[in-house]
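Inspection log for the structure reproduced underneath, given as structure tokens.
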């Protein structure tokens, strides 16, 4: 009975997280850590135990670049994501933060080019070798040299470690008064949009 309750709780938290709409970067996921690799066109796989492995950066897949300016909006993260990204440890399973990305750089792939390389040129068949793994291709990324995460007072009440790295903005009417900023000397990728690969010979599903 206890195992059943835990299973139901686990499923409900996943459904809850998926039901929260992000106003910024819809369907994007955060990288575990900021990085200069994992550009669009990179394939990774996840094995039966949920362990992720990089498979290949497919150079034949070309990526386009656009400057999106400053992006500001709300995004929902799991506590594990916030711990690996920001070294902040929250007791809640999921939290919503306001994210500001300065001078955002978006890299993206074109569907026709992806289909040509993966399926018509048989690249997918050459790299999808583990039948017990699920394969994903990164279709878009968002990068910057400067990103800020802001949290509400309610979220901070659930913070167990890392509060000393946050700065508090004083004043009335501030919904997310606690913030942490990350600045880098070079542009680094923060978020990615993936697509699951299914080797049917007809494209991505």
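The values are calculated or read from the model by the stated rules, or taken from the named source; none is laboratory data. Please read all numbers here as calculations on a predicted model, not as lab measurements. FYI the Cβ positions are ideal-geometry reconstructions off the backbone, even for glycines, and counts take in every protein chain you see.
Just a few scattered comments:
- Candidates in region 76-93 are the residues that are at pLDDT 95 or above and touching a helix residue (DSSP H, G or I) at 6+ places or on another chain (Cβ under 6 Å); of these, the one that is nearest to residue 186 (Cα to Cα) is 88.
- Pairs with Cβ under 6 Å, 6+ apart, first in region 40-54 and within 16 Å of residue 191 (Cα to Cα), second part of a loop (DSSP other than H, G, I, E, B): 41/58; 41/61
- Hits in region 28-49 - residues which are loosely packed, with under 11 Cβ neighbours inside 10 Å and under 16 Å from the mean Cα position of the chain (by Cα): 33, 37
- Condition met for residue 105 (buried (at least 20 other Cβ atoms within 10 Å of the Cβ), modelled with pLDDT of 95 or more and under 19 Å from the mean Cα position of the chain (by Cα)): no
- Scanning region 158-168 for residues that are within 19 Å of residue 99 (Cα to Cα) and in contact with a strand residue (DSSP E or B) (Cβ under 7 Å, 6 or more places away or on another chain) gives 158, 159, 162, 165, 166, 167, 168.
- When residue 66 is tested against (1) assigned to a strand (DSSP E or B); (2) within 30 Å of residue 174 (Cα to Cα), only condition (2) is not met.
- Scan of region 75-101 for residues that are part of a strand (DSSP E or B) and closer than 17 Å to residue 28 by Cα, ordered by number: 75, 76, 77, 78, 94, 95, 96, 97, 98, 99, 100, 101
- Selection count where residues are under 30 Å from residue 117 (Cα atoms) and surrounded by 17 or more Cβ atoms within 10 Å (Cβ to Cβ), scope region 146-193: 6
- Any strands (runs of 3 or more DSSP E) falling wholly within region 107-205 and containing at least 3 residues that are free of Cβ contacts under 8 Å to residues at least 60 places away in the same chain: 134-151, 178-197
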